[in-house]
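Down below is the structure, laid out as structure tokens.
Throughout, read-outs are computed from the coordinates displayed, never taken from laboratory work. The structure presented is a predicted model; accordingly, all values stated were derived computationally and were not measured. Reconstructed Cβ throughout: ideal geometry from the backbone, glycine too, with neighbour counts over all protein chains shown.
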Amino acid sequence: MDAVKTGGIMVSICCLAYNQKEFIRDALDGFLNQETAFAYEILVHDDASDDGTADVIREYTERFPERIRPILQEVNQYSQGISNISGAFNFPRARGKYIAMCEGDDYWTDSGKLQKQVDFMEAHPDCAMVFHSARVDVQGRALTERMMRPYHGNRRVAPEEIIAKTSGYPTASLLFRTDMVRNLPDYYTDAPVGDIPLQLLAAARGWAYYMDEPMCVYRLGTAHSWTADMKKGDYAGKQRVYFLRMKKMYREFDRATGGRFHSVTEEAIRRIYFLTKVNTGQYQTVLSRKYRKFYRELNFRTRFFICLASAAPGIYNMLFRLFHFKKE
């Protein structure tokens, strides 16, 4: 029965936080500012932050006890080997018909975001997921794109496009049916990241819909983000491990879906491999004819710096130091 008719929760907002004291208020305010014709809950999981993030969450919970349901860990769960915190702690307690995602250092900017997405899903029961574009807020100095806009114009996205997409989908834009994550397959629980396997789950169910509206902000380069942690220490080694785990995830997805998407799954694996070479500056491989298709998918700025680094490394290094350029 429809959650609105029963007076129950329509949307469970799932938020992960870790050492994001300076950002978490924006996330929580973005949730609380939603104007909806239905009830929603805010599930926040703090992974034993030591910077005061949990104190901010407690403050908001005291002010909005009927809306916010926190888990405040005393021991960091990620360090215990649980890489997909949402699947372990937030999804099992979600009471809504739908789940909306947002990390603690990102935030929503459109008070009508949830209503727009739910209205579409309610009108299209065969749609597996709704997502939208995002504005990029760069922390520090970096030359990068200021929008995450995977497509131009509102459009339906086929399962094959979701699997072998050429650019990322903002995690803070994702909304899907809760029953999609009630029984998580191995390719979700074994994955090194949480957003891509969610998208694979949606692709296995059917098509998605993209709204070409920047209704959230993605903060790039925050101190405790997954990307920042990845770049500490042996970055090249971490990228190799990341690729192997992602390849395993895609192969498990291929088996779980009976090979229905085999060709695009293999293409996604090759693209991930290529991007790890971009990230680690292995430009001889990046510029080889074998990966020309993936190279052309990169934005102009990234292609320019790759060519500059290959042809004139001295000038490239000077610009890198000047602008703190971060390879994408």
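Taking every alpha-carbon pair under 8 Å whose residues sit at least 6 apart, the range 90-201 reaches a relative contact order of 38 percent. Normalised by residue number, the volume inside the convex hull of the Cα atoms of the range 237-323 is 103 Å³ per residue. For the range 3-220, the equivalent ellipsoid derived from the Cα gyration tensor has semi-axes of 24, 20, 19 Å, listed largest first. Normalised Debye scattering of the range 229-277 at q = 0.21, 0.23, 0.29 Å⁻¹ gives log10 I(q)/I(0) of -0.70, -0.78, -1.01, counting only Cα atoms as equal scatterers and leaving out solvent.
Calculate log10 I(q)/I(0) of the range 175-318 for q = 0.12, 0.16 Å⁻¹, where I(q) comes from the Debye formula with a single equal point scatterer on each Cα and nothing for solvent. Scattering profile of the range 175-318, log10 relative to I(0): -0.64, -1.10. Annotation: amide H-H contacts under 5 Å for Met129 (H modelled 1.01 Å from N, sequence separation of 5 or more, or interchain): Tyr209.
Between Arg156 and Lys116, the simple label model (points 7 Å from Cα in the Cβ direction) yields a spacing of 2.1 nm.
A Gaussian network model of the chain, with springs between Cα atoms under 10 Å, assigns the largest mean-square fluctuation among Gln282, Gln199, Gln117 to Gln282.
Among Asp51, Asp106, Asp26, the largest mean-square fluctuation in a Gaussian network model of the chain, built with springs joining Cα atoms closer than 10 Å, belongs to Asp51. Report summary: the helix-based calculation at 222 nm, which adds -39500 (n - 2.57) for every DSSP H run with n ≥ 4 and divides by the residues of the chain, gives -11500 deg cm²/dmol. Go through Lys116/Lys165; Lys238/Lys290; Lys21/Lys238; Lys238/Lys277 and tell me which ones have a Cα-Cα distance over 20 Å in this structure. Distance filter (> 20 Å) returns Lys116/Lys165; Lys238/Lys290; Lys21/Lys238. Note on the chain: antiparallel DSSP beta bridges, both residues inside, total approximately 30 percent of the bridges counted.
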